[in-house]
Amino acid sequence: MSVHSEIKRITTHILQEMKNRGEKISCLTAYDYSMARIVDSAGIDLILVGDSASNVMAGHETTLPITLDQMIYHASSVVKGVKRALVVVDIPFGSYQGNSSEALRSAIRIMKESGAHAVKMEGGAEIKESITRVLSAGIPVMGHLGLTPQSIYKFGTYSVRAKEEEEANKLIDDALMLQECGAFSVVLEKIPASLTKLVSEKLTIPTIGIGAGAEADGQILVVHDMLGINKEFKPRFLRRYADLDTIMHQAISQYVEDVKAVDFPSDKESY
């Protein structure tokens, strides 16, 4: 029996146990049933239905345009394909910032309509009220600090965050605040590895890194990036584990060729 088949279902409690014993947490995104089924059966611990669907599924330049209804559609598709992983869903831009009642309504809709297990919210002290309100309803919350793509127009750049002392100190304070509020985990995106180490040591809850070095308690990548389906995105932190763009291109080109040459379908493939 493989190690990952021993646990029937990953929970927030199991992620905490993994951090406690020093076992790294593996995370990837997924946005549809077929991909989620493959990712889950390969033994991933956590699947994020990310608002990155705005980029990789819908072709938008940023994560901002995706709606709550669209996120629920993607999440419900993913949940149907998952038997083991914890499924976390991004609450999209404009569905929680500045209004804790709206944050609660959004989180409840995601949980009720998709069947997901938790939500993720970007930001620290500025969204404390919204995080607290969602947690008070018994909905698990994952935090997200560092480069927060929903705030990209405020930053004006996708470069590394928290390199200066003031911003690094705020990130540490925000991480501790998230933990104190009751968040079960926090994503650290594009920050110096030394800061990730410091935060991960200070927090009792798991940290999940993306472009944040190896010292986080887990790692996450966008599945389309690490499989080489999306070739345009080439940040330093991305490791490509496959070149599906080339494989799919060759397969489809061959199919086109076979159809044109009346090679497909053959007699064996006909009734």
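Round to a whole number: what % of the accessible area of segment 1-92 belongs to carbon and sulfur, probe 1.4 Å? All intermediate terms of the calculation are to be shown ahead of the outcome.
Numbers: 2340 of 4230 Å².
Here it works out to 55 percent.
Counting only DSSP H runs of at least 4 residues, each contributing -39500 (n - 2.57), and dividing by the residue count of the chain, the helix-based mean residue ellipticity at 222 nm comes to -12000 deg cm²/dmol. Legend: calculated FRET efficiency, A214 to V256, from the Cβ-Cβ distance at R0 = 51 Å, rounded to 0.05, equals 0.75. What whole number of Å gives the distance from the Cα centroid of segment 98-131 to the Cα centroid of segment 232-271? Value for the Cα centre distance between the two parts: 40 Å.
Between S77, P92, G123, whose Cα lies farthest towards the positive end of the dipole of segment 26-183 when Lys and Arg beta carbons carry +1 and Asp and Glu beta carbons carry -1, centred on the Cα centre? Going by the Cα projections, it comes out as S77. Principal axis extents of the Cα atoms in segment 69-220, from largest to smallest and rounded to whole angstrom, are 42, 33, 29. On a per residue basis, the chain carries 52 Å² of accessible surface, using protein heavy atoms and a 1.4 Å probe. Dipole check for the chain: with +1 at the C-beta of Lys and Arg, -1 at the C-beta of Asp and Glu, and the Cα centre as origin, the magnitude is about 500 Debye. Counted over all Cα-Cα pairs of segment 1-132, pairs farther apart than 23 Å make up 34 percent. Each residue of segment 109-124 was assigned a 3J(HN,Hα) from its phi angle through the Karplus expression (A = 6.51, B = -1.76, C = 1.60, θ = phi - 60°), giving 4, 4, 5, 6, 8, 9, x, 5, 9, 6, 10, 10, 10, 8, x, x Hz with x at Gly and Pro. Per residue, the convex hull spanned by the Cα atoms of the chain amounts to 153 cubic angstrom.
The values are calculated or read from the model by the stated rules, or taken from the named source; none is laboratory data. Predicted, not measured: the structure shown is a model, and the values here were computed from it. Don't worry about glycine lacking a Cβ; one is built from the backbone with ideal geometry, like all the others, and counts go over all protein chains shown. What goes into the accessible areas is simple: the full protein's heavy atoms, side chains included, and nothing from ligands, DNA or RNA. Shrake-Rupley method; radii C 1.70, N 1.55, O 1.52, S 1.80 Å.
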